[in-house]
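To keep things clear, I will list the structure first and then write my remarks on it.
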Amino acid sequence: MDIAATAEKIANGDRRALARAITLAESGRADHRAQATALLETLKPLERQAVRIGLSGTPGVGKSTFIEAFGCLLTGKGLKVAVLAVDPSSARSGGSILGDKTRMERLSRDLNAFIRPSPSQSQLGGVARRTREAIELCEAAGFDVVLIETVGVGQSETMVAEMSDLFVLLLAPAGGDELQGVKRGIMEMADLILVNKADGDLKPAATRTCADYMGALKLLRKRPQDPEGFPKAMMVSALAEEGLEAAWDEMRGLVNWRRETGFFDKARADQSRFWFGEEVRQGLLRRLESAEAKAAVEALAEKVAAGEISASRAAEMVLKNLDGV
Ligand SMILES: Nc1nc2c(ncn2[C@@H]2O[C@H](COP(=O)(O)OP(=O)(O)O)[C@@H](O)[C@H]2O)c(=O)[nH]1
Ligand SMILES: [Mg+2]
């Protein structure tokens, strides 16, 4: 691949080049990964920045419907919108967005929108890296907003929150008065809670649920990166396309405040630092999984078990030898 030529195409907003580059970043092959890294380095001087919005919610809450309506609202304002998906279960389901592309018919036809389903064979370890690279590629291609969708299971929410400027939690109206078992840790990551389906018969339940969450958010420890009134809960209807403009106003207001106060840049710097550390850790673990390292560990483990060598000394020997692997 001609890195310089591809970079130029991406910089000019060429969607095919962008799609190919993301495929490269998704590949498990070392040479592909190296090319993706080189491509990102070539694009870096552009310093293009999108608003990265993480969007989480359990299946059925209305994520796809919301993204379709919200995405179209944004493109209607002349903004370019990219949608990426992180779906740890996609190995089974074949990609979250792909499955309900029908719910995003309008958006997928929109020339100012770019929708990327999650790849079907996910090795969980690589998901974070390729999602971050896909985000950066979309930014370089000139997208103003990058929506990163994830289903509310496992570690994926934390991961997406760690690569977003804004984290939005989508909830459905609760039947009773229970707080839908949303884990405290996830509430603490949310900048905005949107209670969806606030329409028709569900409106009263949505109103109650929203009030419950406003109350619950008030009980959380105040975070320095929030202006007065945040995190916030509000009602929307993705289906009736209500409350979406208000939600966007809140998101914009929050991003602008964080930009002015320096919290926006600080969060991105902290995230870069975090992911750097993660990659080092992952790289080391990969090395430990090599056949050579495994054999060395096994051989030494026998000696440790037999009391011939101390555990500390043996560990030191293994780690020293990793340098050459
Ligand atoms: N009443 C109502 N139904 C909605 C709304 N948003 C989504 N739905 C419905 O909820 C179901 C699941 O929506 P979907 O977008 O596929 O949810 P996802 O699994 O989170 O992507 C579909 O039948 C939608 O039509 C809404 O705002 N109001
Ligand atoms: Mg969906």
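The values are calculated or read from the model by the stated rules, or taken from the named source; none is laboratory data. The structure presented is a predicted model; accordingly, all values stated were derived computationally and were not measured. Backbone-built Cβ (ideal geometry, glycine too); neighbour counts: all protein chains shown.
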- Note on the structure: Over region 208-231, the set of residues surrounded by 13 or more Cβ atoms within 10 Å (Cβ to Cβ) and out of contact with any Pro (no Cβ under 8 Å at 6 or more places or on another chain) is Cys210, Ala211, Asp212, Tyr213, Met214, Ala216, Gln225, Asp226, Pro227, Phe230, Pro231
- Item | Every residue from region 72-85 that is modelled with pLDDT of 95 or more and within 12 Å of ligand 1 (Cβ to nearest atom) | Val83
- Among the residues of region 221-242, which ones are more than 14 Å from Glu68 (Cα to Cα) and in a loop (DSSP other than H, G, I, E, B)? Arg221, Lys222, Arg223, Pro224, Gln225, Asp226, Pro227, Glu228, Gly229, Phe230, Pro231
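I'd like to check something: does region 258-274 contain any residue that is farther than 22 Å from Asp144 by Cβ, basic (Lys, Arg) and part of a helix (DSSP H, G or I)? Write out each step before concluding.
Going through region 258-274, the residues farther than 22 Å from Asp144 by Cβ turn out to be 270, 273-274.
Pick out the ones that are also basic (Lys, Arg) and you get 273.
Keeping just the survivors that are part of a helix (DSSP H, G or I) gives 273.
Taking every residue of region 258-274 in turn, at least one turns out to be farther than 22 Å from Asp144 by Cβ, basic (Lys, Arg) and part of a helix (DSSP H, G or I).
Restricting attention to region 86-108, which residues are modelled with pLDDT of 75 or more and either basic (Lys, Arg) or over 21 Å from Glu241 (Cα atoms) (or both)?
First, the residues of region 86-108 that are modelled with pLDDT of 75 or more: 86, 104-108.
Result: Val86, Arg106.
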- Task: Answer yes if at least one residue in region 171-178 is of a type outside the set (A, V, I, L, M), at pLDDT 90 or above and part of a strand (DSSP E or B), and no otherwise.
- Result: no
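Scan region 109-128 and tell me whether some residue there is within 12 Å of ligand 2 (Cβ to nearest atom), at pLDDT below 80 and crowded, with 21+ Cβ neighbours inside 10 Å.
Taking every residue of region 109-128 in turn, at least one turns out to be within 12 Å of ligand 2 (Cβ to nearest atom), at pLDDT below 80 and crowded, with 21+ Cβ neighbours inside 10 Å.
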- For the subset of region 54-86 comprising residues that are crowded, with 24+ Cβ neighbours inside 10 Å and charged (D, E, K, R), which member is farthest from Met189 (Cα to Cα)? Glu68
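Does region 8-67 hold any residues that are within 25 Å of Ser237 (Cβ to Cβ) and part of a helix (DSSP H, G or I), and which are they?
First, pick out the residues of region 8-67 that are within 25 Å of Ser237 (Cβ to Cβ): 51-67.
Of everything in region 8-67, those that are within 25 Å of Ser237 (Cβ to Cβ) and part of a helix (DSSP H, G or I) turn out to be Lys63, Ser64, Thr65, Phe66, Ile67.
Is it the case that region 13-33 has a residue that's among the acidic types (Asp, Glu), within 16 Å of ligand 1 (Cβ to nearest atom), closer than 19 Å to Ser108 by Cα and outside the structural domain of Gly283 (by TED's automatic domain parsing)? If you could, list the steps in order and put the result at the bottom.
First, pick out the residues of region 13-33 that are among the acidic types (Asp, Glu): 14, 26, 31.
Filter once more, so that each one left must be within 16 Å of ligand 1 (Cβ to nearest atom): none.
Taking every residue of region 13-33 in turn, none turns out to be among the acidic types (Asp, Glu), within 16 Å of ligand 1 (Cβ to nearest atom), closer than 19 Å to Ser108 by Cα and outside the structural domain of Gly283 (by TED's automatic domain parsing).
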- Task: Test Ala246 against the stated conditions and say whether it is in a strand (DSSP E or B), in the same structural domain as Val127 (by TED's automatic domain parsing) and under 17 Å from Leu166 (Cβ atoms).
- Result: no
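Looking only at region 49-67, which residues are among the charged types (D, E, K, R) and modelled with pLDDT under 95?
As a first pass, look at region 49-67 and keep what is among the charged types (D, E, K, R): 52, 63.
Lys63, the sole residue that qualifies.
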- Identify the residue in region 34-59 that is closer than 15 Å to Ala134 by Cα and polar (S, T, N, Q) and, among all such residues, is farthest from ligand 1 (Cβ to nearest atom). Thr42
- Item | Failed condition for Thr209, given (1) within 16 Å of ligand 1 (Cβ to nearest atom); (2) modelled with pLDDT of 95 or more | (2)
- Task: Looking for whichever is among the acidic types (Asp, Glu) and closer than 19 Å to Ala190 by Cβ here; the options are Asp249, Asp265. Which one fits?
- Result: Asp249
